[in-house]
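Structure record follows, encoded as structure tokens.
Nothing in this text is a laboratory measurement; each read-out follows from the coordinates by a stated rule. Please read all numbers here as calculations on a predicted model, not as lab measurements. Every residue, glycine among them, receives a Cβ derived from its backbone with ideal geometry; neighbour counts consider all protein chains shown.
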Amino acid sequence: MLLDNKVVIVTGASRGIGRAIAVACAKEGAHVVLNYWGDNDRSYGRLSAVEEVVDEIETLGRRVIAVEGNVAQRKTGLELVKQAVDAFGHVDVLASNAGICPFHTFLDMPASVYEATVGVNLNGAFLGIKEALDVMRQTASGSPSDGAIINIASVSALKGSPGMPAYSAGKGGLRLFTKAIAVDFARRGYRIRVNSIYPGLIDTPLTKPLFESRLKPGSEESLEDARSRILEQYPIGRIGRPDEIASVVRFLAGDDSSYMVGAELVVDGGLTAA
């Protein structure tokens, strides 16, 4: 197995891409620490979803724990690392996936929404890495394999998304933050590789609100019309699946990507290539 007995922390792991990442890593032999945010999941009616992920991973014969908390708060990163070490003794991989995406134009966006969005999408990755770094360095020093940090950004970091300025700002900042620490860690000999992934439109609970945000005010356009208009931008002609992102995370977490540092892997059905 590619990740046999490695310990993987996945933030935002109760649904969508995070859930797929957690399960994919477990299938490759990893033990998993799931982060979920109760308030966020309640807004989607998905609080019990993390229990489903726990059951699925345990069915695979792997160990798993779930830790609730908003990654924008330092205490969440501290608790994730503490519980990981208490349960497993080490941390090999951190997948910073947690994200929120409110749909507001610049003119109607409250400052509090902007701050919260950047707080989760950018600061959350910083805080998680800050708390995990020492433990991951210790793990890497006693292992034949390097540690891995994978930040889930977005194509919104590569091309601004209208109606999503806060999301674009947070993911754009995450892009260069990833490159900066990737080079720094490599030059310092930390043996922790840092890379990032840029998903396009993926079939998650955020998809319907995105389509709704693209409906033209006052028009009789349907949700399916808005969906079709967005999909016209994608050469592949369809929405991506969470497992198609998870498979790239699995690759970056394992030794097959051992020469990749600060890489940007775009998984967007051709959107940014067109």
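Brief remarks follow.
- Between the amide H of residue 67 and those of 34, 35, 36, distances stay under 5 Å, these residues lying 5 or more places away or on another chain, with hydrogens modeled in the peptide plane.
- The chain - charge dipole about Cα centre, Lys and Arg +1 at Cβ, Asp and Glu -1, debye rounded to 20: 680 debye
- Centre separation in Å (Cα based) which lies between segment 156-228 and segment 11-28: 18 Å
- FRET E, pair residue 141, residue 238, Förster distance 51 Å, beta-carbon r, rounded to 0.05: 0.70
- Unsatisfied cross-links (Cα-Cα over 29 Å) in the set 82/208; 130/208; 27/82; 130/171: 82/208; 130/208
- 5 angstrom amide H check on residue 194, placed H, neighbours 5+ away: 149, 262
- Table column - 3J(HN,Hα) (Hz), segment 209-218, Karplus curve with 6.51, -1.76, 1.60, x for Gly and Pro: x, 5, 4, 4, 5, 8, 5, 6, x, x
- Cα-based equivalent ellipsoid, segment 151-274: semi-axes from gyration tensor eigenvalues, Å: 32, 16, 10
- Subtracting the Cα-Cα distance of residue 255 and residue 203 from 0.36 nm times their residue separation leaves 15.9 nm of extension gain.
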